[in-house]
1. Of the numbered conditions (1) open to solvent by 70 Å² or more (accessible area, probe 1.4 Å); (2) within 14 Å of residue B:109 (Cα to Cα), residue B:68 fails exactly one; give the number of that condition.
2. Can you tell which of A:27, A:76, A:45, A:11 is touching a residue at least 12 places away in the same chain (Cβ under 8 Å) and facing another protein chain (nearest Cβ under 9 Å)?
3. Whether any residue in segment A:14-24 is open to solvent by 10 Å² or more (accessible area, probe 1.4 Å), within 14 Å of chain B (Cβ to nearest Cβ) and within 24 Å of residue B:89 (Cβ to Cβ) is what I want to check.
4. Which one of these is open to solvent by 20 Å² or more (accessible area, probe 1.4 Å), small (Gly, Ala, Ser) and within 14 Å of another protein chain (Cβ to nearest Cβ): A:93, A:59, A:71?
5. Name the single residue, out of those in segment B:81-103 being buried (at least 22 other Cβ atoms within 10 Å of the Cβ), modelled with pLDDT of 90 or more and under 18 Å from residue B:43 (Cβ atoms), that is farthest from the other protein chains (Cβ to nearest Cβ).
6. Taking residue B:44 as the residue in question, decide whether it is in contact with a Lys or Arg (Cβ under 6 Å, 6 or more places away or on another chain), within 13 Å of chain A (Cβ to nearest Cβ) and either of a type in the set (Lys, Arg) or under 22 Å from residue A:105 (Cβ atoms) (or both).
Amino acid sequence: ETGVTQTPRHLVMGMTNKKSLKCEQHLGHNAMYWYKQSAKKPLELMFVYNFKEQTENNSVPSRFSPECPNSSHLFLHLHTLQPEDSALYLCASSRARGRGNTEAFFGQGTRLTVV
Amino acid sequence: DQQVKQNSPSLSVQEGRISILNCDYTNSMFDYFLWYKKYPAEGPTFLISISSIKDKNEDGRFTVFLNKSAKHLSLHIVPSQPGDSAVYFCAASGAGGTSYGKLTFGQGTILTVHP
């Protein structure tokens, strides 16, 4: 298996539930990201991890909690979400800057619906 | 304030003709630009990129042009094929970021190629 893999592909959760999204990359990259795509809006960066350290939190509410145990895995823990958090959540990975030009590779995303 | 803009929400082209997708940006610190293609229910797929030190990059049927003075880039697809029908996103990185995956996206342009 290669590339960036996200699970689950679809998730429906209640506002009081706790769930986690998982992302795994087999590309040898050392930077990983969470993006959110809401209806009719551009993809928005949520979090950046470089070498397992969070380097950016783009003013994301605390009900979204990322975790990066190693350079290949990234999680997004969800709790007490709101219906407006329903969106497509995308994971991506890349090399860090200074290590050659490279693009970011995206997973297929998790379609989240909060009811 | 949107730093990357794709002002055409949609574009319709006849098969075999050229498709030209446009993108404008406002942040002069951006130094790396990318185009992604996205099908429904899938994550974005990298197409082509260009560094700010170049004004053109070509890969098969896809060519990206960068006009730094105008802060404008375009993607040319020639000849267009029905399989090219998808949403195309322009993205930019740099602006002090440490990772290539820290991208600012445009809103996307829906390209439809008619047989």
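1. (2)
2. A:45
3. Yes, segment A:14-24 has at least one match.
4. A:71
5. B:88
6. In short, yes.
The values are calculated or read from the model by the stated rules, or taken from the named source; none is laboratory data. Bear in mind the structure is a predicted one, so any value in this text is a computation, not a measurement. Ideal geometry is used to build each Cβ from the backbone, glycine not excepted, and the neighbour counts take in all protein chains shown. Protein only, heavy atoms only, side chains kept; ligands, DNA and RNA dropped before computing areas. Shrake-Rupley method; radii C 1.70, N 1.55, O 1.52, S 1.80 Å.
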